[in-house]
Amino acid sequence: MADVTDIDLDDVSRRATAAARRVHPDADVTGLVRLQGGVSSLTYAATMRTVESERPVVLKVAPPGLAPVRNRDVLRQAQVLRRLARLDGFPVPEVEFEDSGAPPAVPPLFGMARRPGESYEPGLDVSPAPPTAAVAAERMLVAARALARLQSRPPGALGLGAEPVCPPAEELSRWQRLFATVDADIGPGHEELSARLARGVPAGAEPRLLHGDFRLANMLFVGVTLESVIDWEIWSVGDPRSDLAWLLMHTLPAHVFHEDRPAADRAAASALPTQTALLSEYMSARCALGATPGEAGQSTTDLAWFLGVCHYKVAATIAVIYKRDRRRPEPDPALRVAARHLADVLEAGHRALDGW
């Protein structure tokens, strides 16, 4: 998690104002409030005022004192948002301004429009006012159609043709290296799932832009209208089945952060489309956007393997975060719950490989 202890919010506000004034000469950016979301950079809500308007913005700031590389490269996030602004029917926040700073001492930052809406993961989250089951189900279908639109264009058509491609084997290796760093008592038995996945790595499909965490929690909805796809910290170019399987997995996640959720939250997830129905929605949308049935059908080839990797990725991520968190004076109760259920997550990975 990015550290806020060494950041001067007055200085960030001054820098954001200076950057905004390069676009809007009379702008002021004030009222910074820390937001949750994103683990590699700092996120703040703020207000950008000009003579003509006053509108909410979100600032993304690289953590101070660290090189802004990989997930911490906030200007790389701004880059992909600018590229995706050209993709009709796939809403992302508008980039308002950016400043390259002088890293690592002066971290880069950018500001983007703060879109309205609710972000809620039906199978995981707890909310004082969760959506109805019908609304949550329709949002899943909307997300599948949005993913089809994102994957209807090759990276070159989005101005990202020079990006390196991450093939399936490299994606698996990334999570294997991560899991290898955890204590032996966390997620015992993960080696068996890792070995099964390593024995069955499929050939890669034609690469596409990947969000990296494509699920409802990273989208803003007003009712069933998708207002924005957010949190692009880990975007890359790679196998499109990675994002598709990630969305499918969240129709019935095996990981949990609450031993028992309120009835209204459980009800919100009670009518989600099945993975088969969601995949059918995605494929229909791909074909409607110009893909041949054969091209759309590539998304189903070896999809069981990608679902297995998704569960392995979840388990690795929880294991690493829990390893660090349990050493703190006051560990996060939600992470303790998640760690207790790692065996269920690994078993779900095996079930996916046994025959999704």
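The values are calculated or read from the model by the stated rules, or taken from the named source; none is laboratory data. The model shown is predicted, which means the values in this text are computed figures rather than measured ones. Cβ coordinates were reconstructed from backbone atoms using ideal geometry, including for glycine residues, and neighbour counts include every protein chain displayed.
State all residues of the stretch 165-185 that are outside any helix (DSSP H, G or I) and under 30 Å from Ile230 (Cβ atoms); if no residue qualifies, say none.
The initial filter retains those residues of the stretch 165-185 that are outside any helix (DSSP H, G or I), namely 165-167, 180-185.
Matches in the stretch 165-185: Val165, Cys166, Pro167, Thr181, Val182.
Is one or more of the residues making up the stretch 289-298 modelled with pLDDT under 95 and charged (D, E, K, R)?
Yes, there is a match, as at least one residue in the stretch 289-298 is modelled with pLDDT under 95 and charged (D, E, K, R).
Across the stretch 282-293, which residue is nearest to Leu147 (Cα to Cα) among those that are part of a helix (DSSP H, G or I) and of a type outside the set (S, T, N, Q)? Step through it out loud before you land on a result.
Within the stretch 282-293, the subset part of a helix (DSSP H, G or I) is 282-288, 293.
Checking the rest, the ones that are also of a type outside the set (S, T, N, Q) come to 282-283, 285-288, 293.
Numbers: Tyr282: 7, Met283: 10, Ala285: 9, Arg286: 9, Cys287: 13, Ala288: 13, Pro293: 17 Å.
That would be Tyr282.
So which pairs qualify, if the first residue must be in the stretch 181-202 and more than 24 Å from Cys166 (Cβ to Cβ), the second must be small (Gly, Ala, Ser), the Cβ gap must be under 9 Å, and the two must be at least 6 apart or on different chains?
Close Cβ pairs satisfying both conditions: Asp183/Ala319; Ile186/Ala319; Ile186/Ala339; Pro188/Ala343; Gly189/Ala343.
Can you tell me how many residues in the stretch 65-74 are assigned to a loop (DSSP other than H, G, I, E, B) and buried (at least 21 other Cβ atoms within 10 Å of the Cβ)? Full working, then the answer.
Kept after step one, since they are assigned to a loop (DSSP other than H, G, I, E, B), are these residues of the stretch 65-74: 65-69, 73.
Next cut, buried (at least 21 other Cβ atoms within 10 Å of the Cβ) only: 68.
Here the count works out to 1.
Scan the stretch 115-144 and report the pairs whose first residue is within 18 Å of Val229 (Cα to Cα) and whose second residue is of a type in the set (S, T, N, Q) and part of a loop (DSSP other than H, G, I, E, B), with Cβ atoms within less than 6 Å and a gap of 6+ or a chain change.
From residues that are within 18 Å of Val229 (Cα to Cα), the pairs are Tyr120/Ser127.
Taking the stated definitions as given, is Ala296 under 21 Å from the mean Cα position of the chain (by Cα), more than 17 Å from Pro168 (Cβ to Cβ) and either charged (D, E, K, R) or part of a helix (DSSP H, G or I) (or both)?
no
Can you report the number of residues in the stretch 45-64 which are buried (at least 23 other Cβ atoms within 10 Å of the Cβ) and of a type in the set (D, E, K, R)?
1
Can you pull out every residue in the stretch 16-66 that is over 25 Å from Asp125 (Cα atoms) and either in contact with a Cys (Cβ under 7 Å, 6 or more places away or on another chain) or among the polar types (S, T, N, Q) (or both)?
Thr17, Thr30, Thr47, Thr50, Ser53
What is the residue count in the stretch 35-44 for residues that are modelled with pLDDT of 95 or more and either surrounded by fewer than 18 Cβ atoms within 10 Å (Cβ to Cβ) or part of a loop (DSSP other than H, G, I, E, B) (or both)?
Looking only at that region, the number is 0.
Considering each of Leu210, Leu244 in turn, give the residue that is touching a helix residue (DSSP H, G or I) at 6+ places or on another chain (Cβ under 8 Å), touching a residue at least 60 places away in the same chain (Cβ under 8 Å) and either crowded, with 23+ Cβ neighbours inside 10 Å or among the basic types (Lys, Arg) (or both). It would help to see each step written out before you state the result.
Details: Leu210 fails: touching a residue at least 60 places away in the same chain (Cβ under 8 Å).
Step by step, each of Leu210, Leu244 is checked, and only Leu244 is touching a helix residue (DSSP H, G or I) at 6+ places or on another chain (Cβ under 8 Å), touching a residue at least 60 places away in the same chain (Cβ under 8 Å) and either crowded, with 23+ Cβ neighbours inside 10 Å or among the basic types (Lys, Arg) (or both).
Can you tell me which residue among Leu178, Leu226, Leu210 is in contact with a strand residue (DSSP E or B) (Cβ under 7 Å, 6 or more places away or on another chain) and within 24 Å of Arg72 (Cβ to Cβ)? First the steps, then the outcome.
On the way: Leu178 fails: in contact with a strand residue (DSSP E or B) (Cβ under 7 Å, 6 or more places away or on another chain); Leu226 fails: within 24 Å of Arg72 (Cβ to Cβ).
None of the other options fit; the residue is Leu210.
Given (1) in a loop (DSSP other than H, G, I, E, B); (2) touching a residue at least 60 places away in the same chain (Cβ under 8 Å); (3) not assigned by TED's automatic domain parsing to the domain that holds Met283, where does Gln77 come up short, assuming only one miss?
Evaluating Gln77 over (1) in a loop (DSSP other than H, G, I, E, B); (2) touching a residue at least 60 places away in the same chain (Cβ under 8 Å); (3) not assigned by TED's automatic domain parsing to the domain that holds Met283 leaves (1) as the failure.
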